[in-house]
Amino acid sequence: MTTTVNAYGAISATDPLEPMTIERRDLRPHDVLIDIDYAGICHSDIHTLRGEWGEIAYPQVVGHEIVGHVAAVGSEVTKHKVGDRVGVGCESGSCGQCEQCAKGEEVYCLKGNIQTYAGVDVDGTITQGGYSQATVIDERFVLSVPEALPLEKVAPLLCAGVTLYAPLKHWNAGPGTKVAIIGMGGLGHVGVKLAHALGAEVTVLSRTLAKKDDGLAFGADHYFATEDPATFADHQAEYDLILSTVSAGIDYDAYVDLLAVDGTLVLLGAPTDALSVTPMKLISHRRSIAGSANGGIVDTQEMLDFCAQHDVLPETELIAADDINAAYKRVVDSDVRYRFVIDAMTFG
Ligand code: NAP
Ligand code: ZN
């Protein structure tokens with residue numbers, strides 16, 4: 001038995017998204033039924049639906065920035081109760097046994113986790129994401145949303161928020177560290193707010209200065225244009241941590257020059273282009289290049305609590321389901337300020 005819910009998804013890599021219905025499974029003992037209130041639009045949704053990260057099965061509903069209320073719980077659920085304000089991010093399952101899962105780092109589950117959409121669920125079905133009225137998720141992957149956070153702003157924290165929070169924490173961003181963030185879109189702008197709240201000195205490296213006033217208002221101490229060669233000439237060996245949130249291929253070699261001794265360039269943005277870096281640039285300053293995937297459940301809950309405590313909220317634009325295709329175009333054109341959030345009431 002399943003329950004049919006309204007959703008918005010794609011039937012191919014090239015068709016626009018359209019209204020559709022999907023099935024949600026009946027509650028297993030540890031499942032939570034969530035009535036979705038809002039779903040954020042992440043650039044990963046677009047990469048996935050358009051087949052930019054490889055072939056997927058259609059029809060597919062995406063969305064991994066999900067917030068809502070608990071509508072029902074399975075017989076053995078202890079973590080949540082009906083009425084709770086909850087969220088779901090990029091993962092909705094993992095083996096629960098390996099050393100990464102034991103640490104709360106389900107995102108790095110050694111057996112491979114279950115992605116909230118376009119993943120293979122325990123029953124072999126393809127997971128369908130949050131652009132829908134309701135979803136069913138294992139309680140381990142359901143986060144508690146603090147009362148202090150307004151629900152219509154929270155959704156982007158479930159992916160964009162933790163994707164920036166986890167590396168900032170892992171690489172010890174804080175007072176006395178210089179953090180640069182490349183790209184000020186959905187991920188980047190939350191990163192600016194988080195890094196500032198953590199006490200780091202924050203620089204935005206954006207293509208132009210068009211969003212400079214916003215960046216400074218979000219807490220950046222400096223804002224430079226990467227289209228200006230002076231940015232690279234003037235800031236050699238300066239930053240302890242550089243986080244790339246860029247969705248397209250960039251000249252990573254040029255950014256390595258901006259890393260201080262022992263500095264790390266962390267790739268968060270996920271274009272498929274291979275990167276090319278000059279080894280001596282790493283050797284000479286003991287620099288590193290790393291990648292980081294959103295974050296485990298421990299970090300995600302910690303991030304939500306941190307945002308409530310420090311009043312960190314994404315800048316959002318609320319849209320209806322019928323606006324999703326136009327919103328996708330605006331995301332691809334970097335014309336989003338700074339995250340679209342879909343009102344789930346409009347799924348019908
Ligand atoms: P977004 O809102 O579109 O932001 C991307 C930013 O990248 C843009 O605002 C723009 O910043 C910059 N940019 C875009 N095209 C560029 C180009 N051709 N050259 C240089 N800069 C360019 O996207 P998002 O939702 O923040 O996601 C960003 C990337 O992170 C995507 O690839 C997404 O799939 C990935 N992602 C990864 C994880 C993870 O777990 N690691 C999680 C979520 C998302 P400026 O206008 O300021 O230059
Ligand atoms: Zn995402």
Residue match in segment 309-320 (condition: closer than 16 Å to Val62 by Cβ, small (Gly, Ala, Ser), in contact with a helix residue (DSSP H, G or I) (Cβ under 8 Å, 6 or more places away or on another chain) and away from ligand 2 (no atom under 16 Å from the Cβ)): no
Segment 38-68 - residue that is part of a strand (DSSP E or B) and of a type outside the set (Phe, Trp, Tyr) and, of those, surrounded by the fewest Cβ atoms within 10 Å (Cβ to Cβ): Gln60
Unmet requirement for Ile182, which otherwise passes all of (1) more than 16 Å from ligand 2 (Cβ to nearest atom); (2) open to solvent by 10 Å² or more (accessible area, probe 1.4 Å); (3) over 18 Å from Val341 (Cα atoms): (2)
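So which of Asp234, Asp228, Asp214 ends up being open to solvent by 40 Å² or more (accessible area, probe 1.4 Å) and in contact (Cβ under 8 Å) with a residue 40 or more places away in the chain? If you could, list the steps in order and put the result at the bottom.
Working: Asp234 fails: in contact (Cβ under 8 Å) with a residue 40 or more places away in the chain; Asp228 fails: in contact (Cβ under 8 Å) with a residue 40 or more places away in the chain.
Only one candidate passes the filter, namely Asp214.
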Residue that is least open to solvent (accessible area, probe 1.4 Å), among those in segment 161-179 that are out of contact with any helix residue (DSSP H, G or I) (no Cβ under 8 Å at 6 or more places or on another chain) and either within 16 Å of ligand 2 (Cβ to nearest atom) or charged (D, E, K, R) (or both): Pro167
Entirely in segment 255-348, the helices (runs of 4 or more DSSP H) that have 2 or more residues that are aliphatic (A, V, I, L, M) and in contact with a Pro (Cβ under 9 Å, 6 or more places away or on another chain): 297-310
Of residues in segment 270-285 being in contact with a strand residue (DSSP E or B) (Cβ under 9 Å, 6 or more places away or on another chain) and either of a type outside the set (Gly, Ala, Ser) or buried (at least 21 other Cβ atoms within 10 Å of the Cβ) (or both), the one modelled with the lowest pLDDT: Leu275
Filter pass, Ala248 being closer than 19 Å to Leu164 by Cβ and loosely packed, with under 14 Cβ neighbours inside 10 Å: yes
Residue identified as away from ligand 1 (no atom under 12 Å from the Cβ), within 29 Å of Pro175 (Cβ to Cβ) and open to solvent by 70 Å² or more (accessible area, probe 1.4 Å) among Asp257, Asp322, Asp311: Asp311
Leu158, sole failed condition from (1) within 15 Å of ligand 1 (Cβ to nearest atom); (2) under 30 Å from Thr78 (Cα atoms); (3) open to solvent by 20 Å² or more (accessible area, probe 1.4 Å): (3)
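Take segment 69-126 and flag every residue that is assigned to a helix (DSSP H, G or I), surrounded by fewer than 14 Cβ atoms within 10 Å (Cβ to Cβ) and not hydrophobic (A, V, I, L, M, F, W, C).
Residues of segment 69-126 assigned to a helix (DSSP H, G or I): 99-102, 106-108.
Applying the additional criterion that residues be surrounded by fewer than 14 Cβ atoms within 10 Å (Cβ to Cβ) yields 99, 102.
If the condition is that a residue be assigned to a helix (DSSP H, G or I), surrounded by fewer than 14 Cβ atoms within 10 Å (Cβ to Cβ) and not hydrophobic (A, V, I, L, M, F, W, C), then Glu99 is the only one that fits.
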Sole exception among (1) more than 10 Å from ligand 1 (Cβ to nearest atom); (2) within 20 Å of the chain's Cα centre (by Cα); (3) over 24 Å from Gly104 (Cβ atoms) for Ile181, by number: (1)
Hey, Glu147 among the acidic types (Asp, Glu), closer than 18 Å to Thr300 by Cβ and open to solvent by 10 Å² or more (accessible area, probe 1.4 Å) or not: yes
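Is it true that Thr264 is open to solvent by less than 20 Å² (accessible area, probe 1.4 Å), away from ligand 2 (no atom under 16 Å from the Cβ) and within 24 Å of Ala293 (Cα to Cα)? Spell out the reasoning first.
Values: open to solvent by less than 20 Å² (accessible area, probe 1.4 Å): yes; away from ligand 2 (no atom under 16 Å from the Cβ): yes; within 24 Å of Ala293 (Cα to Cα): yes.
Here the answer is yes, as Thr264 does meet what is asked.
Within 15 Å of ligand 2 (Cβ to nearest atom) and closer than 27 Å to Gly54 by Cβ: is that true of Ala293 in this structure?
Criteria met by Ala293.
The values are calculated or read from the model by the stated rules, or taken from the named source; none is laboratory data. Since the model is a prediction, treat every value here as computed from it, not as a measurement. Cβ sites come from the backbone with ideal geometry, for glycine too, and all protein chains shown count toward neighbours. All accessible areas refer to the heavy atoms of the entire protein, side chains included, with ligands and DNA or RNA removed. Shrake-Rupley method; radii C 1.70, N 1.55, O 1.52, S 1.80 Å.
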